[in-house]
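Below: one structure, written as structure tokens.
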Amino acid sequence: MEKAPSQQPEKIAIYVHWPYCLSKCPYCDFFSKVDKHVNQDEMIDAYLDDLRFYHNLTADKQVQSIFFGGGTPSLIAPQNIEKIIDCVSALWRCQDKVEISLEANPNTNHKNLFADLKKAGINRLSLGVQALNDQDLKFFGRTHNLAQALQAIDEVVSVFDNHSVDLIYARPNQELDQWQSELEQVTNLGLKHISLYQLTIEEGTVFARKGVKPLDEEKAAQMYAFTQQFLSEKGYPQYEISNFSQEGYQSIHNLAYWRGEDYVGIGPSAHGRLHLKNKILATTYHLQQEELIPSERAEELIIMGLRIVEGIDKKRFYRQCGLKFDEFVNQKALENLVSQGYLQNNDLCVRATKKGFLVLDKLIEELCA
């Protein structure tokens with residue numbers, strides 16, 4: 001596999017997974033635990049040991065982002081957040097404007113939490129709001145109400161220069177005018193970035209056991225198409241299938257995933273991807289490594305790369321897996337999907353159209369057949 005010619009150090013992202021929550025949301029299928037009595041110091045020491053382990057493999061790389069996800073990483077004491085950030089800074093070279101993000105819930109018993117997180121080194125705060133009315137917040141099992149959500153957003157916007165909120169749409173019986181009202185509200189709150197996720201009912205969740213049904217597919221598709229247009233007009237153009245931002249505020253960390261760049265994952269349920277010499281490694285907890293063959297990595301790059309509006313850079317694709325995109329994919333399927341208006345393709349890149357985003361799983365399946 002060719003190594004990318006570059007005079008700059010190769011970039012790497014760091015993902016820190018905190019598995020604990022105060023309660024389990026009924027729609028969530030992510031790995032998390034409900035535990036209010038966690039020995040944080042012991043866990044943080046283990047995280048620092050894992051960072052040192054991965055540094056030994058990646059010492060020549062430069063950190064472009066750190067992301068604290070979960071679970072509910074805002075439950076980590078700010079001084080422990082600072083320990084992790086300091087450890088990363090001591091081990092690796094970091095870019096001048098390294099993005100350091102943390103996911104938080106609107107309600108917290110920690111006074112001045114957001115200000116303390118900023119002092120600890122966080123410079124981008126992502127707030128899990130999920131809905132902007134009390135009825136749906138209760139339906140989603142959230143422990144905050146609308147007043148708390150709006151207060152938290154106001155605090156985050158005043159403390160941080162870079163911020164995001166998550167909302168979930170296509171709720172059961174949700175009408176387009178109701179969703180439009182929430183979009184109007186969220187775009188008037190001074191936020192830089194908005195993540196919008198369509199409600200899906202995943203096996204093993206409380207919603208699945210209760211037989212909750214999401215909005216029908218046609219209405220959900222109409223809602224999605226409206227959202228793309230509405231947010232673009234409001235100054236939040238789409239850059240990924242579920243993400244919209246003002247200019248200059250795309251998530252550096254998440255783009256690293258979607259562009260197939262290297263990242264280290266520490267903590268339960270975290271995984272990573274590393275290009276080391278001529279090997280592509282998939283890493284999982286705890287310190288497990290599995291070598292991927294080029295075709296496996298190529299499929300991953302297609303799955304992730306078609307999520308972003310910019311699409312898949314074919315030269316980068318070749319550098320990252322050693323295979324040429326046009327030779328790897330099903331050429332007949334590629335031609336058909338282009339002719340049907342689902343994909344745009346040229347010598348430099350391939351990307352999904354707005355129409356293609358609606359059926360992205362189908363496109364990936366046909367390309368990789």
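For the stretch 249-259, does any single residue satisfy the condition of being farther than 24 Å from PHE68 by Cα and not hydroxyl-bearing (Ser, Thr, Tyr)?
No - not one qualifying residue is present in the stretch 249-259.
Quick check on ALA298: is it part of a helix (DSSP H, G or I), open to solvent by 10 Å² or more (accessible area, probe 1.4 Å) and small (Gly, Ala, Ser)?
no
Take the residues in the stretch 37-67 that are assigned to a helix (DSSP H, G or I) and polar (S, T, N, Q); name whichever of them is most open to solvent (accessible area, probe 1.4 Å).
The qualifying residue most open to solvent (accessible area, probe 1.4 Å) is ASN56.
Please indicate, with yes or no, whether at least one residue in the stretch 126-140 is open to solvent by 40 Å² or more (accessible area, probe 1.4 Å), hydroxyl-bearing (Ser, Thr, Tyr), more than 20 Å from SER232 (Cβ to Cβ) and touching a residue at least 60 places away in the same chain (Cβ under 8 Å).
No, because not a single residue in the stretch 126-140 is open to solvent by 40 Å² or more (accessible area, probe 1.4 Å), hydroxyl-bearing (Ser, Thr, Tyr), more than 20 Å from SER232 (Cβ to Cβ) and touching a residue at least 60 places away in the same chain (Cβ under 8 Å).
Run down GLN185, GLN174, GLN178 and say which single residue is more than 28 Å from ASN123 (Cβ to Cβ) and either in a helix (DSSP H, G or I) or of a type in the set (Ser, Thr, Tyr) (or both).
GLN178
So if I check each of GLU203, GLU175, which one is open to solvent by 40 Å² or more (accessible area, probe 1.4 Å), touching a residue at least 60 places away in the same chain (Cβ under 8 Å) and on the phi < 0 side of the Ramachandran plot?
Testing whether each residue is open to solvent by 40 Å² or more (accessible area, probe 1.4 Å), touching a residue at least 60 places away in the same chain (Cβ under 8 Å) and on the phi < 0 side of the Ramachandran plot leaves just GLU203.
Given the structure, is ARG273 charged (D, E, K, R) and under 30 Å from LYS33 (Cβ atoms)?
yes
Criterion first (over 30 Å from THR200 (Cα atoms), open to solvent by 60 Å² or more (accessible area, probe 1.4 Å) and in contact (Cβ under 8 Å) with a residue 24 or more places away in the chain) does ASP29 satisfy it?
no
Going by the conditions given, is GLN7 farther than 30 Å from TYR197 by Cβ, out of contact with any Lys or Arg (no Cβ under 8 Å at 6 or more places or on another chain) and at pLDDT below 90?
yes
Before we move on, is TYR239 under 22 Å from ARG351 (Cβ atoms) and under 17 Å from the mean Cα position of the chain (by Cα)?
Answer is yes for this residue.
What is the residue count in the stretch 244-285 for residues that are assigned to a loop (DSSP other than H, G, I, E, B), at pLDDT 95 or above and open to solvent by 20 Å² or more (accessible area, probe 1.4 Å)?
Number satisfying all stated conditions: 8.
Please count how many residues of the stretch 68-113 are open to solvent by less than 40 Å² (accessible area, probe 1.4 Å), in a helix (DSSP H, G or I), free of Cβ contacts under 8 Å to residues at least 60 places away in the same chain and under 22 Å from ASN254 (Cα atoms).
So the answer is 5.
Does any residue in the stretch 284-305 that is more than 24 Å from LYS362 (Cβ to Cβ) and in contact (Cβ under 8 Å) with a residue 60 or more places away in the chain come within less than 9 Å, Cβ to Cβ, of a residue that is surrounded by fewer than 16 Cβ atoms within 10 Å (Cβ to Cβ) and small (Gly, Ala, Ser) six or more places away or on a different chain, and which pairs are these?
Every condition considered, the pairs that remain are HIS286/ALA46.
Would you tally the residues in the stretch 121-144 being part of a loop (DSSP other than H, G, I, E, B) and closer than 18 Å to TYR27 by Cβ?
Number of matching residues: 8.
Is there a residue being within 27 Å of PHE67 (Cα to Cα), of a type outside the set (Ser, Thr, Tyr) and free of Cβ contacts under 8 Å to residues at least 12 places away in the same chain anywhere in the stretch 184-191?
yes
Does ARG307 satisfy the condition of being open to solvent by 50 Å² or more (accessible area, probe 1.4 Å), in contact with a Phe, Trp or Tyr (Cβ under 9 Å, 6 or more places away or on another chain) and closer than 23 Å to GLU240 by Cα?
When the stated conditions are applied, ARG307 passes them.
Need the failing condition index for VAL338 against (1) part of a helix (DSSP H, G or I); (2) among the β-branched types (Val, Ile, Thr); (3) touching a residue at least 24 places away in the same chain (Cβ under 8 Å), just the number.
Of the numbered conditions (1) part of a helix (DSSP H, G or I); (2) among the β-branched types (Val, Ile, Thr); (3) touching a residue at least 24 places away in the same chain (Cβ under 8 Å), the odd one out for VAL338 is (3).
Given the residues LEU231, LEU274, LEU281, which is the only one that is of a type in the set (A, V, I, L, M), over 19 Å from TYR15 (Cα atoms) and in contact with a strand residue (DSSP E or B) (Cβ under 6 Å, 6 or more places away or on another chain)?
LEU231
The values are calculated or read from the model by the stated rules, or taken from the named source; none is laboratory data. Nothing here was measured: the structure is a model prediction, and the numbers come from that model. Virtual Cβ from ideal backbone geometry, glycine too; neighbours counted across all protein chains shown. Calculation scope for accessible area: heavy atoms of the full protein, side chains included, ligands and nucleic acids excluded. Shrake-Rupley method; radii C 1.70, N 1.55, O 1.52, S 1.80 Å.
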